[in-house]
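Reviewing the structure listed below.
Computed from the coordinates by the stated procedures, all read-outs in this text should not be read as laboratory data. Computed from a predicted model, the values in this text were never measured in an experiment. Neighbour counts run over all protein chains shown; Cβ positions are idealised from the backbone, glycine included.
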Amino acid sequence: MQELSSGQKLEKKLARQERKVWDKITAAQREEIFQLGEEYKSFLDRAKTEREAVESIIEHAKAAGFLALDTIEENGKLNPGQRFYLVNRGKMVILGVAGHAPISQGVRLVGSHLDAPRLDLKPNPLYESEGFGLLKTHYYGGIKKYQWTAIPLAIHGVVINSRGEKITFNVGEKPGDPVFTITDLLPHLAKEQMKKTMGEAIPGENLNLLVASIPHADEEVKERVKLAVLEYLHQQYGLVEEDLISAELEVVPAGEARDIGFDRGLIGAYGQDDRVCVFPSLKAVCELKTPTKTALALFVDKEEIGSTGNTGAQSRFLEYALSRLCALAGLQGPQAVLTVLANSQALSGDANTAEDPNYEGVLDKRNAAGLGRGVVITKYTGAGGKYEANDAHAEFVGEIRNLFNRNGVIWQIGELGKVDQGGGGTIAQFLANLGIETLDCGPALLSIHSPLEIASKADVYMAYKAYKVFLEQ
């Protein structure tokens, strides 16, 4: 082997080299990556809505020995190593493992969001037109509306009937299930449509779900297809039309998570923003023994619409949970929770965007993330002049960088696009607003907010490693 020149030696010593996960792992780690990928795909298939995600998280947690916080409170004490969970309205959940250190010294937290862009049914959705039964929708979060036409769709969610009973709804996923769709205009007649911008070509009010076409047998009825749909819903679920007003029914892409590519190194699925962080942090917290500080995994709703509401990151649920943990530790008063928050550290788990060879102009290549290069550290998000961002302090970024380097976590730095290109936010700012030292950290994705987002199995694995070493230190 040719000896390196003095300049090459200096470059190797001083310059940061791009690291690709597949080049740095052992054969055993490669097997772990693919095994984790299968577990992650299974989770994605079971957790297409925030309610389903919470149910899957609790199922995992109970299997790993977590108990409801109420049960622990009955015993009056939280001992190091004990595992607990607390649920908020079926859409938000905290898992925790008590640490050796007093909780007054703070907690270590990984936060991620359960919701994803989708189509919600309107409160009065069902109507008939041109011999079809259709459902009106209202899109949730940032979507490209044209991506949601002419693809198979499923309906998930819950309906509260007139007796106050909760009816679970999931149609379009099981073998043999029908699927639904939103029609689009044929290109032969789309001359005027195609003159419009991509954002205007499909109006939001045109995202109407096709659900039926066979009329009821009674020809005296005015809206026969609509009646046939109502009859079906009544026979299958005991519903009447008014029950749809007290429903949360979400339209999502139908089908399973799939491997992408001949080498199966990528995963294509709906909802990976942000379940690509939810699953690794769930797995990490479930594998903890007794961490140094109490470790929390926080899973929130409503991030895609600003983290609002009483199940979003701007709610008081985290403070409420910490107040109960403080009480178990014998700490009373409002200052107790404030002290915990001030001494705490968090990783805000959210996806960043990866370099896409088809769209090279939107990212600053020197500060862009890529698939297969490890988990992404994002010092700040926001838009333009870092508006609505948490800009992590250098001291905390340095601490996390060194922690990852010491523990073999392959990581990269990333920004969400060029300075004036656009931008976006995460829950980091809301955690930081509470006084918690916070840094964004999660895998990069391609085709974010589309019906088929793409992640690298290698990056999912490195996110899991990153969250685990952070929580257990």
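Annotation note: trypsin sites (Lys or Arg not before Pro) in the stretch 111-157 located in DSSP loop regions with a Cβ neighbour count of at most 16 within 10 Å are LYS144. In this structure, the residue pairs whose Cα-Cα separation is over 20 Å, taken from LYS91/LYS302; LYS379/LYS418; LYS62/LYS283; LYS145/LYS457; LYS48/LYS302, are LYS145/LYS457.
Summing +1 for each Lys or Arg and -1 for each Asp or Glu among the other residues whose beta-carbon sits under 14 angstrom from that of ALA101 gives +1.
Taking amide H as placed 1.01 Å from N in the peptide plane, the amide H of THR294 sits under 5 Å from that of GLY99, ALA101, ARG108, each at least 5 places away or on another chain. With θ taken as phi - 60° and the Karplus curve 6.51 cos²θ - 1.76 cosθ + 1.60 applied, the whole-hertz 3J(HN,Hα) list for the stretch 97-108 is 10, 5, x, 5, 6, x, 5, 4, 7, x, 10, 10 Hz, x standing for glycine and proline. Converting phi to 3J(HN,Hα) with the Karplus coefficients 6.51, -1.76 and 1.60 and the offset θ = phi - 60°, the stretch 15-24 yields 8, 7, 9, 5, 10, 10, 4, 4, 7, 10 Hz in sequence order, with x at every glycine or proline. Exposure here means at most 11 other Cβ atoms within 10 Å; with chymotrypsin sites (Phe, Trp or Tyr not before Pro) in a DSSP loop as sites, the longest stretch of the chain lacking them is 1-261.
At what distance in angstrom do the alpha carbon centres of the stretch 80-95 and the stretch 428-473 lie from each other? So the two Cα centres are separated by 19 Å. Charge dipole of the chain (Cα centre as origin; +1 on each Lys and Arg Cβ, -1 on each Asp and Glu Cβ, all else neutral): 1720 debye, rounded to the nearest 20.
Summing +1 for each Lys or Arg and -1 for each Asp or Glu, what net charge is found among the other residues whose Cβ lies under 14 Å from the Cβ of SER129?
0
In the chain the Cα-Cα distances spread across 20 Å bins starting at 0 as 23, 52, 23, 3, 0 percent of all pairs. Report the GluC sites (Glu not before Pro) located in the stretch 1-104 that are in a DSSP loop and have at most 12 other Cβ atoms inside 10 Å of their Cβ, or state none. Here the sparse-neighbourhood loop sites are GLU3, GLU18. Rounded to the nearest 10 degrees, the inclination of helix 457-472 to the longest alpha-carbon principal axis of the chain is 60 degrees. What is the sum of charges, Lys and Arg at +1 and Asp and Glu at -1, for the other residues whose Cβ falls under 14 Å from the Cβ of SER246? So the environment of SER246 carries a net charge of -3.
A cut-off of 5 Å between modelled amide H atoms, ignoring neighbours fewer than 5 places along the same chain, links CYS441 with SER348, GLY349, ASP350, THR378. Each residue of the stretch 229-234 is assigned a 3J(HN,Hα), and the resulting list reads 5, 4, 5, 4, 4, 6 Hz, derived from the Karplus form 6.51 cos²θ - 1.76 cosθ + 1.60 (θ = phi - 60°), x at Gly and Pro. The length gained on full extension between ARG16 and THR290, counted as 0.36 nm times the residue separation minus their Cα-Cα distance, comes to 95.2 nm. Sites listed here are trypsin sites (Lys or Arg not before Pro) in the stretch 156-213 whose DSSP assignment is loop and whose Cβ has at most 16 other Cβ atoms within 10 Å: ARG163, LYS191, LYS196.
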